[in-house]
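Structure record follows, encoded as structure tokens.
Laboratory data are not the source of any read-out in this text; all were calculated from the coordinates shown. Treat the numbers as computed from the prediction; the structure is a model and nothing was measured. Cβ placement follows ideal geometry from the backbone for every residue including glycine, while neighbour counts extend to all protein chains displayed.
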Amino acid sequence: MPARLKIGKLVVIGVGLIGGSFALALKRARAVRQVVGVGRTRRNLAAALRLKVIDEVQHDPARAVQDADLVLLATPVGQMAAVMASIAPHLPPRAVVTDAGSTKRDVIACARRFLGGHFPRFVPAHPVAGTENSGASAAFAELFRNRCVIVTPQRDTTASAVKLVRRAWETCGAQMMRLDAQEHDAIFAAVSHLPHVIAYALVSTLARRRNAGQLFGFSGGGLRDTVRIAGSSPEMWADICLANRDALLAALQEYEDELERVRAAIESGDGAVLKRMFEQARSAREKWMVKKS
């Protein structure tokens, strides 16, 4: 049996739902001695300290990573370049850097550009977990239990760095998977980024109507279930959409084509076509998304 994971100093840059939950899970497992939290909002960092998500607040990423063993970048992907450029000259040689971004090709490109000689100890990762809530107060230690975490290491990523990141996520209760970065981005454009765009767009469409209050007042479970994820961080999702624009635009085009087929069937009064489309969709959902008892 391998020895229990022991991380001396963990630095979490971006102490929100993901970064905070990572810290809490490792603290609960007694796998980390010290957690330093870095962020832009003093109120959020104060809450993280009060809730014992972190042990110390640091506002300067460069100072925070000194003597770090593991650094988690849990900021919106649009901030990764600036953070990497800031910390690169101050990373100790032993430090492993990983991220929690929903896109991978752009983050890897930033790491190659800004981390320089430390790039081989950078492990791109994506925990497929979350809620519509954000901030340190939303973090909880069980978030990653039995959830998938994808790593997309490169040819020059060191095996020891990958091993440390894998063990850290496994200690959080996650199940690990390895993907090519381009394949990752294409998959999540379809199953994550597109649904968020649809949810935001649907809420915006209804909110622009004169009787928006009446509409939302009569809304039931169908609308609430469909737009729940529109409660997620707008800054984070704007960054994701732009970072993965090519794959997302392709997914949007496919969705628009399907909507056009639905529109054409409704306009022509073709109930048979509508029924067939809806039956195919229901069957696919039952096959792939409904857990079998």
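A cut-off under 13 angstrom between Cβ atoms defines the neighbours of ASP270, and their net charge, with Lys, Arg +1 and Asp, Glu -1, is +3. Per residue of the chain, the DSSP helices (runs of n ≥ 4 H) give a summed -39500 (n - 2.57) that works out to -15000 deg cm²/dmol at 222 nm. For the chain, a crude dipole built from +1 on the beta carbon of Lys and Arg and -1 on the beta carbon of Asp and Glu, taken about the Cα centre, is about 1160 debye to the nearest 20. Taking a quarter of the surface of the Cα convex hull of the chain, what do you get in nm²? Computed as one quarter of the Cα hull surface, the answer is 18.3 nm².
Relative contact order for segment 7-179: what is it in percent, counting Cα pairs under 8 Å that are at least 6 residues apart? Over segment 7-179, the number comes to 25 percent.
A rounded overall shape is assigned to segment 7-179, the ratio a/c of its alpha-carbon gyration tensor axes (a ≥ b ≥ c) being less than 1.5.
As a quick test, which of the pairs LYS6/LYS291; LYS6/LYS104; LYS104/LYS287; LYS104/LYS163; LYS163/LYS287 have an alpha carbon distance above 25 angstrom in this structure? In this structure, LYS6/LYS291; LYS6/LYS104; LYS104/LYS287; LYS163/LYS287 exceed 25 Å between Cα atoms.
Among THR158, THR152, the order by Cβ neighbours within 10 angstrom, fewest to most, reads THR158, THR152.
Model label sites at PHE140 and ALA212, defined 7 Å from Cα along the beta-carbon direction, differ in position by 3.1 nm.
For the chain, relative contact order (Cα pairs under 8 Å, six or more residues apart, normalised by length) works out to 17 percent.
Coupling constants for segment 195-207 follow from the phi torsions by the Karplus curve (6.51 cos²θ - 1.76 cosθ + 1.60, θ = phi - 60°), and in residue order they are x, 5, 4, 4, 5, 4, 5, 5, 4, 4, 4, 5, 5 Hz; glycine and proline get x. Of the residues ALA139, VAL96, VAL57, the one whose Cα sits farthest towards the positive end of the charge dipole of segment 7-179 is VAL96 (charges of +1 on Lys and Arg Cβ, -1 on Asp and Glu Cβ, taken about the Cα centre). P(r) tail, segment 164-237: Cα-Cα pairs separated by more than 14 Å, 72% of all pairs. Structure remark: mean-square fluctuation, Gaussian network model of the chain, C-alpha springs under 10 Å; the largest value among ARG145, ARG210, ARG50 belongs to ARG210. The Rg/Rh ratio for segment 183-288 is 1.00, where Rg is the radius of gyration of the alpha carbons and Rh is the Kirkwood radius.
Here r is the Cβ-Cβ distance between ASP257 and MET176 and R0 is 35 Å; the resulting FRET efficiency, rounded to 0.05, is 0.50.
Straight Cα distances below 19 angstrom link LYS9 to the aspartates and glutamates ASP55, GLU56, ASP60, ASP67, ASP69, ASP99, GLU170, with same-chain residues fewer than 8 positions distant left out.
R0 = 22 Å: FRET efficiency of ARG40 with ARG147, Cβ-based, nearest 0.05? Step by step, r from the Cβ atoms, then E = 0.25.
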